[in-house]
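What follows is one structure encoded as structure tokens, with my remarks underneath.
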Amino acid sequence: MTTPILMLGAGRLGGALIEGWRRTGAFSPADLMIRDPQPSPAAEDAARGGAWLNPEDGDLARAKTVLMAVKPQIWREAAAEVTPWLASNAVIVSVAAGVATADLSVEFGKRPVARVMPTTAAAIARCTASIFSADPEAFARAHALFEPLGAVVDLADERLMHAATAVSGSSPAYLYAFVEALEAAGEAVGLGPEESRKLARATLTGAAALLAETGADPAELRKQVTSPGGTTAAALEVLTGEGGLGPLLREAVVAATRRSKELGA
Ligand SMILES: NC(=O)c1ccc[n+]([C@@H]2O[C@H](COP(=O)([O-])OP(=O)(O)OC[C@H]3O[C@@H](n4cnc5c(N)ncnc54)[C@H](OP(=O)(O)O)[C@@H]3O)[C@@H](O)[C@H]2O)c1
């Protein structure tokens, strides 16, 4: 039994999960208990849909799954507030970046623990979730929560969570930065801001949708739109040349991996 799910924190990410579950029908707000001392708009909205907002301590024992979605800086405090009240068989699923399962297990009184690194595209059921757990029950519970929301990748080793954070958790921002840069480049070659904005956004989201829907290899799709000696080839010579996308992204991902390790230490 997965529900009721007790959400510790329902901010940007928690709100995205609630929206995705509601959209897919996986879980409804009525399946949720939400603890958020100063309820976010997402928590208020879920409460209007039937979620139980800020239940009394004595009612926390009803939770079957605890989803920890507060900022990593305050996770120990949030855990300490609820742990004495939880049922002994409650299962913990944490999305807090950099917080290790060994520490979670101690703070949550040795209950089974899983760690997940999701993305906010959960809101439109296009989440990507990296999951690690050494406990089969917690691992299954994390799958039950995140499989309905998109793609799930199981990590065999918790240390890989740093790399998964760099390649997945942080990478929506890389794409948004790419779109911003393309819009600015469009203006630099004479397009008006509105024209450039529309061309860059519609083209890139369309190309991403084609990649997703055809399941084709990106290299194959790239070849299909690149004529030898043509305009695209001229741009790709710059993008894939020395100091181009390959080394640049490697450097970016290494930097994010390093930072994830620092934050988790
Ligand atoms: N956002 C992302 O893209 C993303 C992606 C992957 C993982 N994550 C992880 O998800 C977690 C949440 O991130 P977020 O961006 O959703 O943060 P957020 O928007 O700040 O949401 C956290 C929520 O928890 C509330 N809260 C504060 N203290 C609490 C307590 N003691 N008990 C229960 N709730 C409490 C906060 O209220 P106040 O605002 O009043 O403090 C806020 O509404 C983080 O650990 C992060 O590493 C986020």
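Derivation of every value follows stated rules applied to the coordinates shown; laboratory data play no part. Everything numeric in this text was worked out from a predicted model, so none of it was measured. Using ideal geometry, Cβ is built from the backbone for each residue, glycine included, and neighbour counts are taken over all protein chains shown.
Things to note:
- Whole-Hz ³J(HN,Hα) from phi, Karplus 6.51 cos²θ - 1.76 cosθ + 1.60, for segment 204-211, glycine and proline x: 6, 5, x, 5, 5, 5, 5, 4
- Cα-derived Rg over Rh, computed across the chain with Rh taken as Kirkwood radius: 1.04
- The simple Förster model, with R0 at 22 Å and r as the Cβ-Cβ distance, assigns PHE178 and LYS223 a FRET efficiency of 0.60.
- Relative to the Cα centre, the charge distribution of segment 132-186, modelled as +1 at Lys and Arg Cβ and -1 at Asp and Glu Cβ, gives a dipole magnitude of about 60 debye.
- THR3 versus ALA80: modelled label distance in nm, points set 7 Å from Cα along the beta carbon direction: 3.4 nm
- Residues with amide H under 5 Å from that of VAL153, placed H, sequence gap 5 or more: ALA129, SER130, ILE131
- Per the Debye calculation on segment 5-159 with a single equal scatterer at every Cα and no solvent contribution, log₁₀ I(q)/I(0) for q = 0.10, 0.13 Å⁻¹ amounts to -0.29, -0.51.
- Here the Karplus relation 6.51 cos²θ - 1.76 cosθ + 1.60, evaluated at θ = phi - 60°, turns the backbone of segment 189-201 into coupling constants of 9, x, 6, x, x, 5, 4, 5, 4, 5, 4, 5, 5 Hz, with x for every Gly and Pro.
- For the chain, the longest site-free run once GluC sites (Glu not before Pro) in DSSP loop states with at most 16 other Cβ atoms within 10 Å are removed: 57-157
- Mean Cβ neighbour count within 10 Å, used as a protection proxy, ranking 124-130, 255-261 highest first: 124-130, 255-261
- Segment 207-221 versus segment 22-99: alpha-carbon centroid distance in Å: 37 Å
- Residues in segment 218-227 carry Karplus couplings, in order, of x, 5, 5, 4, 4, 5, 4, 10, 10, 7 Hz; the curve used is 6.51 cos²θ - 1.76 cosθ + 1.60 with θ = phi - 60°, and Gly or Pro positions show x.
- 28 Å Cα-Cα reach of LYS71 towards lysines, excluding residues that sit fewer than 8 places from it in its own chain: LYS110, LYS261
- In this structure, the amide hydrogen of SER94, modeled 1.01 Å from its nitrogen in the peptide plane, lies closer than 5 angstrom to those of MET68, ALA114, ARG115, VAL116, counting only residues at least 5 positions away or on a different chain.
- Label zone (ASP59, point 7 Å along Cα-to-C-beta; backbone nitrogen cut-off 13 Å) within segment 1-38: 4-7, 30-36.
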